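Only the coordinates and a few stated rules stand behind these numbers; no lab work does. Bear in mind the structure is a predicted one, so any value in this text is a computation, not a measurement. Positions of Cβ are generated from backbone atoms using ideal geometry, with glycine treated the same way; all protein chains shown enter the neighbour counts.
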Amino acid sequence: MEKKIFTRGWCSPERYVQGPGEFDNLKFYTDKFGKRIVAFIDEFLYEEFSERLRLIYANSDCKLRAVAFCSEVTRDLINKHCNELCEWNSDLVIGIGGGKTIDVAKAVGTKLNLPFLVVPTIAATDAPTSSLSVIYREDGSHEGEFFYDHSPSVLIVDSKIIASAPVRFLVSGMGDALATLIEAESTAQSDTPNLVYHRNGGTRQTLAGKAIARECYESLMKYGVLAKIACENHVVTDALENIIETNILLSGLGFENNATSGAHSVNDGLTVVENSEKTMHGEKVAFGCIVQLIAQCTEKTRLNQVLDFCMSVGLPVCLEDLYVSNTDENIRKIAEASMHSNWSNMPFPVNEESVFAAVKTADAYGRSFRAVWKKEGGVNEI
């Protein structure tokens, strides 16, 4: 008989700060951890941010080692970086960039038993807050996760940097955040353990975790469109600040303290089909939300609200939007691969056939909704 978990649990970064220009205060946040700093920087940002780091620490006794990162987060790559850095006697690790750069910094920091600080330069996923790294194979397909017993020591978000990034990153982050409540509701019904001390079996959801998931969804509906407009114009507004917090903090706390289910399983399934590399994680998850809502027979008003939101901010609503051909062969591949993820966290039985049916139905419904939405200039009924 499966053991019932009664203990509630919560995890989060030790500190979270967000505001325009906050990157320039980095030394204030690193000083408490030591003087020898390893910084993993997204290769596309390396020239700019390695120079900014040099200026920040120029008149101090800190030793800085900057590492350019542009690859998949694989087991071999993590071990390679650990072997290169283990004799440098680092005091802390910083990850500066997107989700994969941050994930490799978390993995290296944990393996070397060092505190890690996270500085996201985009708001494309909820990876910055979490105590896990997503692991991929060399071909880009999803392999699994590394789970850790501690979260980032400090999460520093410079909203001016986020606003300067291409708007697609922000929109992708909204797609990832969209799943937070949808999946939290399903895992609450199934009483699925969350990701707190996941290696020991996890814990039950807290009231705080559930409340954050609800606020995450409500914030998207209220501020998503206005935040997108601000980011398109590279300005920081309250709406953009709210969505940055939603994408990074609320979504991150929400998924880790409530667990994931169908939407992220569809994302994992999509990584095995042709052209998956053309779309971002949150874009795949957004379509996964539609699939999950179809699979659980969600009432039409809620389903259409999600589709209307996706259309309003520019998230995918069908396979064509993901550059994936909607052949039975592709849908079968997606369904089969997704079964190795978290469909088991749903409150009802799920198998490959039911996922195949849900993906096919979601694709057809999404295409119909898109056609009417465009024709009518933004409506939420078909």
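Ranked from highest to lowest mean number of other Cβ atoms within 10 Å per residue, what is the order of the peptides 360-371, 127-138?
Most protected by this proxy first, the peptides run 127-138, 360-371.
Regarding the range 15-164, what is the average projected area of its C-alpha convex hull, in nm²?
Mean shadow area of the hull around the Cα atoms is 8.2 nm².
Could you work out how far helix 167-190 tilts from the main Cα principal axis of the chain, as a 0 to 90 degree angle to the nearest 10?
So the helix axis and the longest Cα principal axis differ by about 70 degrees.
In bins 5 Å wide, starting from 0, what share of all Cα pairs of the range 292-345 does each bin hold, as a percent?
4, 16, 18, 23, 25, 14, 1
Based on the alpha-carbon gyration tensor of the range 167-376 and its eigenvalue square roots a ≥ b ≥ c, which shape applies: rounded if a/c is under 1.5, prolate if not and a/b is larger than b/c, or oblate?
Oblate, because a/c is 1.5 or more while a/b does not exceed b/c.
So, by mean Cβ neighbours within 10 angstrom, what's the order for 215-222, 259-266, 232-239 with the highest one leading?
Going by the mean number of other Cβ atoms within 10 Å, highest first, we get 259-266, 215-222, 232-239.
How high is the FRET efficiency between Tyr197 and Lys80 when r is their beta carbon distance and R₀ equals 35 Å, given to the nearest 0.05?
E(calc), rounded to 0.05, equals 0.80.
How big is the gap, in Å, between the Cα center of the range 164-217 and the Cα center of the range 333-377?
With the range 164-217 and the range 333-377 each reduced to a Cα centre, they are spaced 19 Å.
What percentages make up the Cα-Cα pair-distance distribution of the range 109-247 when the bins are 10 Å wide from 0?
11, 34, 37, 17, 1
About the Cα centre of the chain, how large is the charge dipole given +1 on each Lys and Arg Cβ and -1 on each Asp and Glu Cβ? Please answer in debye to the nearest 20.
The dipole magnitude comes to about 640 debye.
What's the magnitude of the charge dipole for the range 167-376 around its Cα centre, counting Lys and Arg as +1 and Asp and Glu as -1 at the beta-carbon? Answer in Debye, nearest 20.
I would put it at about 220 debye.
For the chain, what's the radius of gyration and Dmax over Cα atoms, in angstrom?
Reported Rg and Dmax, both Å: 20.3, 64.
Assuming 0.36 nm per residue, please report the length gained on full extension of the stretch Ser50 to Glu274 beyond their Cα-Cα distance.
Taking 0.36 nm per residue and subtracting the Cα distance, the gain is 77.1 nm.
Which is farthest toward the positive dipole end of the chain among Cys11, Tyr46, Phe287, measuring Cα position about the Cα centre, with Cβ charges +1 (Lys, Arg) and -1 (Asp, Glu)?
Working it through, the farthest residue towards the positive pole turns out to be Cys11.
Report, to the nearest 10°, how far helix 46-56 tilts away from the longest principal axis of the Cα atoms in the chain, using its own Cα long axis and a range of 0 to 90°.
50
Using +1 on the beta carbon of Lys and Arg, -1 on that of Asp and Glu, and nothing else charged, what's the dipole of the range 1-143 about the Cα centre, debye to 20?
640
Give the separation of the Cα centroids, the range 264-291 to the range 218-250, in Å.
Their Cα centres are 23 Å away from one another.
Using Cα atoms only, what is the angle between the long axis of helix 207-232 and the major principal axis of the chain, expressed in degrees (0 to 90) to the nearest 10?
So the helix axis and the longest Cα principal axis differ by about 90 degrees.
What is the total of Lys pairs in the range 75-190 with C-alpha atoms under 19 Å apart, excluding same-chain pairs fewer than 8 positions apart?
Taking the Cα cut-off of 19 Å, the pair count is 4.
Could you list, bin by bin from short to long, the percent of Cα-Cα pairs of the range 102-168 in 5 Å steps?
3, 17, 24, 21, 18, 13, 4, 0
With the Cα gyration tensor of the range 243-302 giving a ≥ b ≥ c as the square roots of its eigenvalues, does the rule (a/c under 1.5 for rounded; else a/b larger than b/c for prolate; else oblate) give rounded, prolate or oblate?
Judged from the Cα gyration tensor, the range 243-302 comes out oblate (a/c at least 1.5, b/c at or above a/b).
Positive end of the dipole of the chain, charges at C-beta (+1 Lys, Arg; -1 Asp, Glu), about the Cα centre: which of Gly109, Ser71, Gly209 has its Cα farthest in that direction?
Gly209
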